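Chemist: I am attaching a structure below and will ask some questions about it afterwards.
Any read-out appearing in this document is the output of simple, stated calculations on the displayed coordinates, not a laboratory observation. All of these numbers come straight from a predicted model, not from anything done at the bench. Don't worry about glycine lacking a Cβ; one is built from the backbone with ideal geometry, like all the others, and counts go over all protein chains shown.
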Amino acid sequence: MLSYLAADLPTQTTAAARLLALQCALRSNAAGYVHIPTGLLRGMRLDFHATAPHEELQDAHWLHSPAHPCTGRAGFTAQLLDAAVRTQAPARHDRARAADWALRTCPATRFRPHGLLPRLLALVLTAHLPVGSPQAPLLAEGDLLARICGLTPPELVPVLDLLAHTDFLLSWAYGPNLEDVQWEFALPNPLPCNQGPNRSALADTLTSGTLGSE
């Protein structure tokens, strides 16, 4: 789903809008409708008043919502306008579990002083973890990591440095061919609830970059 969003959203889409789009995509029903309760919106801490991520997604014609997320107590309801989002593998139940895992994997409190980009990149890097969370360094295309976060490869560097400075990463470096990024987490399980089945909807398409059907 992360790879799908990297290809589908405009390049300039902010981290806040990408995090909201991820939750909408993973929680939408077969007709493309999604409802996010007020409590869940507050837990996401995307600052809808200041950043208006829902407006970004509406301007990109990716979703339509009849009301501002912060009006009333009904939460956020929207219709996703891209039919392709409803054909992503795996099935809806697994996507819902992945949505819950994604929220717990990038807690707002840990990265709050540093903005939303570190939260997004931390989620992307953690989604690469195979079941068992081995100690060995992980490897991915730097261009892919950057595109998922809405960055250029040079812009990715200071965010990786920040994750290392805050002890989320033990280290990172370019791979042998200089196109890949290699990293190692400071802890074997870098974030809570780091269980394979919950992140499969993120990791399966993240590593393959392919689109599938339910």
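Chemist: Which whole number in µm²/s is D for segment 12-52 by Stokes-Einstein, with the Kirkwood Rh taken over Cα pairs at 25 °C and 0.890 mPa s?
Modeler: It diffuses with D of about 224 µm²/s by this estimate.
Chemist: If you average the C-alpha positions of segment 10-64 and of segment 140-174 separately, how far apart do those two centres end up, in angstrom?
Modeler: Centre-to-centre (Cα) distance: 23 Å.
Chemist: Excluding residue 28 itself, what net charge comes from residues whose Cβ is under 11 Å from its Cβ, given Lys and Arg +1 and Asp and Glu -1?
Modeler: Taking every Cβ under 11 Å from that of residue 28, the sum is +3.
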